[in-house]
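So the structure is just underneath, and the comments pick up after that.
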Amino acid sequence: MGQEPLGLPVWAALLRGELPHLFITRGRLREILASRHGERVLEVGPGAGYYALPMTWWLELGGSLDVPDVQQKMLDHVMRPADRRRRRAVRIGARMTNPDGDIKILELSFEPVETKPCGSCLVPTEWVVRRQGVEICDSCSALFWVAELLFDCDVTEAEIIPTLALSLRMGALAEQRDTNTRGAAARKLVKEYPSVELVKLLGGFPVVRFRPVVADVIRYPGSQLAKRIRLKTLTRFANPEKAARSYRSVLTQEKLPSFKWSPGSTSWEYRDFQFIVDIGPKYDIHPGRLDHFSEYPKIPHYSFPTHLAIAGILRGLLGQGQHKNLLFGELLGDYGRSTRQSRDKTIMACVLWCIRGKRGEDRNRMSRKGNTVDIVNGLLLDIVEKGHLTTSRNESAWRDAEKMSDRFDRARALLGQDSRL
């Protein structure tokens with residue numbers, strides 16, 4: 001595969017969001033390799049697997065990819081995205097080792113699988129679930145199931161949007177017939193998405209809402225010592241004081257020093273629909289000295305800024321009040337806003353946009369053509385005994401879906417960022 005270092009270690013993937021090697025995107029790699037169907041390719045040291053699975057799809061039928069590595073955990077990491085995305089077309093070959101047993105090899109290949117379009121979202125799927133006589137994919141099945149539960153529950157827009165966005169990843173939950181078993185699996189699922197918190201369970205399905213701020217710890221490579229605390233702000237309505245308290249909680253949990261006059265360092269950027277602030281001491285611990293510390297040194301030289309300083313920084317960078325007074329806050333979502341749509345309108349808007357919405361360069365549009373009305377009426381509104389959706393010009397649900405489109409797609413993007421970790 002050439003002399004380019006294509007793999008990333010696991011810790012680098014976590015810090016950098018599984019980004020590609022500098023200047024080498026997946027598309028650029030495909031162009032360089034000019035791989036053909038049916039070829040067998042070797043990738044030595046797959047790292048976090050950023051390139052591995054896409055390569056199997058490029059090779060398609062009859063092709064295979066061998067990814068040897070000295071660490072079994074690297075190969076396990078390569079397969080996590082395949083397990084999450086339920087790529088049944090990706091076959092995991094026999095795990096092999098060299099005669100000395102110090103190199104592990106994982107074979108990935110693409111096998112032919114028959115697909116058919118989902119009767120709801122029209123996306124080709126490998127298998128379908130029959131619901132009310134319509135064959136739909138497992139994601140749409142979970143979407144309608146969760147929407148049905150929400151119609152009979154006291155929930156707000158701030159809970160409906162992330163819950164329905166997450167429902168697209170609840171296909172495995174829908175297969176669990178026992179409510180208690182499903183509930184346990186739901187709690188485990190929510191823990192995989194740090195951007196949301198569990199509000200309650202409905203029939204074993206989780207109802208969630210976005211956390212205004214998520215605090216993470218970035219550690220020194222190969223050490224348990226904290227190097228930075230990362231605050232990810234998800235909404236413009238995040239309270240800087242509450243965010244600072246989350247930061248202080250991490251300081252306490254990690255036993256990190258913070259003095260009144262701590263120098264500290266901060267950096268910030270807007271990325272992936274989040275405002276990210278990295279906080280650390282003014283001076284990093286030298287890599288050669290990490291082994292000398294069993295716990296973080298309690299000296300001003302390596303101390304973190306106070307939570308009061310962080311609250312002031314966040315307040316200034318996000319801005320407050322009207323749009324003209326917002327800085328980075330203007331780029332963030334408005335989850336938790338005071339002016340909200342009703343429960344029924346929000347559910348309908350999200351479902352409509354999810355199954356048939358189309359993003360455009362000038363505006364997002366909902367098409368009233370086709371069988372959209374029949375699908376929504378038969379799979380949802382008839383069941384919850386709500387009035388039928390129509391294609392009338394006066395039907396507000398279509399306009400509501402277009403207005404809700406950005407919020408819903410942003411929610412899906414935030415959950416997608418979580419699933420990379």
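Amide H of Val208 versus every other amide H placed in the peptide plane: which residues, excluding those fewer than 5 positions away on the same chain, fall under 5 Å?
It is Thr163, Val199, by chain and number.
From the phi angles alone, apply the Karplus equation (6.51, -1.76, 1.60; θ = phi - 60°) to the stretch 324-337 and give each ³J(HN,Hα) in whole Hz, x where the residue is Gly or Pro.
Coupling constants for the stretch 324-337: 5, 9, 8, 10, 5, x, 5, 8, 8, x, 10, 4, x, 5 Hz.
How would the stretch 213-331 be classified by its alpha-carbon gyration tensor: rounded, prolate or oblate, with rounded meaning a/c under 1.5 and the a/b versus b/c comparison settling the rest? Write out the running numbers ahead of the final one.
On the way: a/c = 2.49, a/b = 1.99, b/c = 1.25.
Note, shape of the stretch 213-331 comes out prolate.
Do any GluC sites (Glu not before Pro) in the stretch 349-419 lie in a DSSP loop with no more than 11 other beta carbon atoms within 10 Å, and if so, which? Spell out each step's value before the answer.
Details: sites: Glu361, Glu385, Glu395, Glu402; in loops: Glu361, Glu385, Glu395.
Filter output for the stretch 349-419: Glu361, Glu385.
Taking the Cα centre of each part, how many Å lie between the stretch 347-421 and the stretch 176-244?
26
What net charge do the residues around Lys345 carry, taking every other residue with its C-beta under 15 Å from that of Lys345, with Lys and Arg at +1 and Asp and Glu at -1? Write down the numbers at each step before the final one.
Values: positive: Arg337, Arg340, Arg343, Lys386, Arg399, Lys403, Arg407; negative: Glu157, Glu159, Asp344, Glu395, Asp400, Glu402.
Neighbour charge sum, excluding Lys345 itself: +1.
For the stretch 213-331: lysine pairs with Cα atoms under 13 Å, gap of 8 or more or different chains, count?
Numbers: Lys227/Lys255; Lys227/Lys282; Lys232/Lys242; Lys255/Lys298.
Lysine pairs satisfying the spacing and distance rule in the stretch 213-331 number 4.
Once R0 is set to 45 Å, what does the formula 1/(1 + (r/R0)^6) return for the Cβ-Cβ distance between Lys282 and Thr390, expressed as a FRET efficiency to the nearest 0.05?
Values: r = 63 Å, r/R0 = 1.41.
After rounding, the FRET efficiency stands at 0.10.
Show me, for the stretch 228-241, the HN-Hα J-couplings you get by feeding each phi into the Karplus relation (A = 6.51, B = -1.76, C = 1.60, θ = phi - 60°), rounded to Hz, glycine and proline as x.
3J(HN,Hα) across the stretch 228-241, in whole Hz: 9, 10, 10, 9, 10, 8, 9, 9, 5, 9, 5, 8, x, 5.
How large is ³J(HN,Hα), in whole Hz, for each residue of the stretch 188-201 in order, when computed from phi with the Karplus curve 6.51 cos²θ - 1.76 cosθ + 1.60 and θ = phi - 60°, using x for Gly and Pro?
5, 4, 4, 5, 7, 10, x, 6, 10, 10, 6, 8, 5, 10
Let a ≥ b ≥ c be the square roots of the eigenvalues of the Cα gyration tensor of the stretch 110-165; is it rounded (a/c under 1.5), or, if not, prolate (a/b larger than b/c) or oblate? Don't jump to the answer; show the numbers that get you there.
Details: a/c = 3.76, a/b = 2.17, b/c = 1.73.
Here the stretch 110-165 falls in the prolate category.
Just so you know, all these numbers are worked out from the coordinates, no wet-lab data involved. Please read these numbers as outputs of a predicted model, since none were measured by experiment. We place every Cβ from the backbone using ideal geometry, glycine too, and count neighbours over all the protein chains shown.
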